[in-house]
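**Q** Structure below; questions to follow.
Throughout, read-outs are computed from the coordinates displayed, never taken from laboratory work. Since the structure is predicted, the reported quantities are computational estimates derived from the model, not experimental observations. Every residue, glycine as well, gets a Cβ built from its backbone with ideal geometry; the counts of neighbours run over all protein chains shown.
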Amino acid sequence: MEQTVSRRDAEAYELFMGRWSRPVADRFLDWLRAPTGADWVDVGSGTGVLVAAILDRSAPRDLLAVDASDAFTDYARHRFSDPRLRIEQGDALQLPLAPQSRDVAVSGLFVNTVTPMQNLLSEMRRVLRPGGLLGFYVWDYPSGGMGMLDAFWQAAGGIDAGAVELSERHRFAECDFAGLDRACRAAGLEPAIGLIDTVSEHEDFEAYWRPFTQAESPAKRYLDGLDPAGRAELRGALAQRLDHGGPIRLPARAWCVKAVLPQG
Ligand SMILES: C[S@@+](CC[C@H](N)C(=O)[O-])C[C@H]1O[C@@H](n2cnc3c(N)ncnc32)[C@H](O)[C@@H]1O
């Protein structure tokens with residue numbers, strides 16, 4: 001039973017976010033230009049979106065994926081059978097790695113959730129060898145760059161002013177150029193920062209709406225707290241904004257960040 005629930009959670013994540021995360025992961029790796037044959041760690045690896053991209057594109061020698069969630073690590077273990085990959089359930093702030101044991105440390109859509117971000121960046125830095133490469137990407141929340149979520153909270157905020165505080169735009173205000181630069185410098189890193197612009201395309205309004213009701217997220221918790229009339233009102237407000245009878249295309253824009261450690 002537990003296994004079924006785990007699988008359902010992971011599949012719901014894939015539908016809600018993983019499918020938009022993958023195109024960003026591909027573009028991020030092209031931008032990162034990591035050396036081939038390197039030892040990698042992917043922090044907050046989830047269902048394995050960035051793991052899949054690394055295995056497909058970056059020819060790692062070895063890849064350790066670390067995530068706190070049992071459900072996601074189980075799902076990822078069933079998803080991959082690549083001898084270069086090891087998946088461990090663990091805390092990103094205490095990586096199961098010796099200091100200076102990796103060439104590349106990366107993270108997708110996770111760094112912003114750790115407060116302060118510099119704590120996670122320092123831990124990623126700890127495990128890198130001299131000359132190692134640290135890289136990550138986060139949605140450009142403050143300017144509405146994760147349009148799928150932003151539309152939800154804009155509609156919710158139009159009905160209930162209290163919802164605004166729950167929005168990623170509000171909670172992750174540090175996900176802009178200045179905030180990311182500051183966090184990196186606080187962790188002793190000199191970052192290069194870029195933007196990756198992609199689009200999320202939902203075939204119709206129902207395909208946009210359904211994942212909000214299924215995948216564990218702040219939006220789902222908000223919906224679960226509404227009564228049926230409140231849910232219907234929010235759905236109607238969103239449909240008014242987005243449902244024009246065809247596919248719904250929204251921005252899916254991420255900041256990408258990288259820093260090379262000094263040699264020795
Ligand atoms: C938004 S998901 C990103 C997953 C994946 N990297 C992607 O791009 O789709 C964030 C992940 O961080 C994990 N996470 C949250 N807190 C963590 C912690 N303290 N240590 C390790 N992983 C954590 C969650 O379980 C989740 O899988």
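**Q** Fully extended, how many nm does the chain gain between Thr213 and Leu93 (0.36 nm per residue separation, minus their Cα-Cα distance)? Mind showing how you got there, number by number?
**A** Values: separation 120, 0.36 × 120 = 43.20 nm, distance 3.05 nm.
Gain on stretching Thr213 to Leu93: 40.1 nm.
**Q** Please list the equivalent ellipsoid semi-axes of segment 2-260, computed as the square roots of five times the alpha-carbon gyration tensor eigenvalues, in descending order and whole angstrom.
**A** They are 32, 20, 16 Å, listed largest first.
**Q** What distance in nm separates the simple spin-label points at Ala68 and Asp181, each placed 7 Å from Cα in the Cβ direction?
**A** About 3.0 nm separates the two model spin labels.
**Q** Restricting to DSSP loop positions (anything but H, G, I, E, B) with no more than 16 other Cβ atoms inside 10 Å of their own Cβ, which trypsin sites (Lys or Arg not before Pro) remain in segment 82-145?
**A** Listed in order of number, the matching sites are Arg84.
**Q** Right, next: Just to confirm my numbers, what's the Cα centroid distance between segment 42-59 and segment 222-262 in Å?
**A** 25 Å
**Q** From the helices alone, meaning DSSP H stretches of at least four residues, give me the mean residue ellipticity at 222 nm for the chain, per-run term -39500 (n - 2.57), in deg cm²/dmol to the nearest 500.
**A** -12000 deg cm²/dmol
**Q** First select every other residue whose beta carbon is under 12 angstrom from the beta carbon of Pro142; then total the charges, Lys and Arg +1, Asp and Glu -1.
**A** Summing Lys/Arg as +1 and Asp/Glu as -1 gives -2.
**Q** Also, I was wondering about something else. Fully extended, how many nm does the chain gain between Trp31 and Asp243 (0.36 nm per residue separation, minus their Cα-Cα distance)?
**A** On the way: separation 212, 0.36 × 212 = 76.32 nm, distance 3.45 nm.
Extending this stretch completely gives an extra 72.9 nm.
**Q** Additional query: Quick one: what do you get for segment 167-246 if you divide its Cα Rg by 2.2 N^0.38 Å?
**A** Values: Rg = 17.6 Å, N = 80, 2.2 N^0.38 = 11.6 Å.
Expressed relative to 2.2 N^0.38 Å, the Cα Rg reads 1.51.
**Q** Now, a different point. Using modelled backbone amide H atoms (1.01 Å from N, in-plane), which distant-in-sequence or interchain residues come within less than 5 Å of Glu88's amide H?
**A** Amide H neighbours of Glu88, under 5 Å, 5+ apart: Ala65, Val66, Asp67.
**Q** Let me ask something else. Given the peptides 87-96, 148-157, arrange them by the average over their residues of other C-beta atoms within 10 Å, most packed first.
**A** So the peptides 87-96, 148-157, ranked by packing, come out 148-157, 87-96.
**Q** Given the convex hull of the Cα atoms of segment 83-228, what is a quarter of its surface area in nm²?
**A** 11.2 nm²
**Q** What trypsin sites (Lys or Arg not before Pro) does segment 1-60 have in DSSP loop regions with at most 13 other beta carbons within 10 Å?
**A** When the trypsin sites (Lys or Arg not before Pro) of segment 1-60 are filtered for loop state and at most 13 Cβ neighbours within 10 Å, Arg33 remain.
**Q** If you take the Cα atoms of segment 39-165, find Rg, then find the Kirkwood Rh from the mean of 1/r over all pairs, what is Rg/Rh?
**A** Radius of gyration over Kirkwood radius for segment 39-165 works out to 1.05.
**Q** Output wanted: per-residue J couplings in Hz (rounded whole) for segment 110-118, from phi through Karplus 6.51 cos²θ - 1.76 cosθ + 1.60, θ = phi - 60°, x for Gly and Pro.
**A** 9, 3, 5, 7, 9, 10, x, 4, 4
**Q** Using a cut-off of 11 Å between beta-carbons, work out the net charge of the residues near Asp103 (Lys and Arg +1, Asp and Glu -1, Asp103 not included).
**A** Here the charged neighbours net out to +1.
**Q** From the alpha carbon gyration tensor of segment 21-95, can you work out the equivalent ellipsoid semi-axes (sqrt of 5 times each eigenvalue) and give them in Å, largest to smallest?
**A** The equivalent ellipsoid of segment 21-95 has semi-axes of 19, 13, 12 Å.
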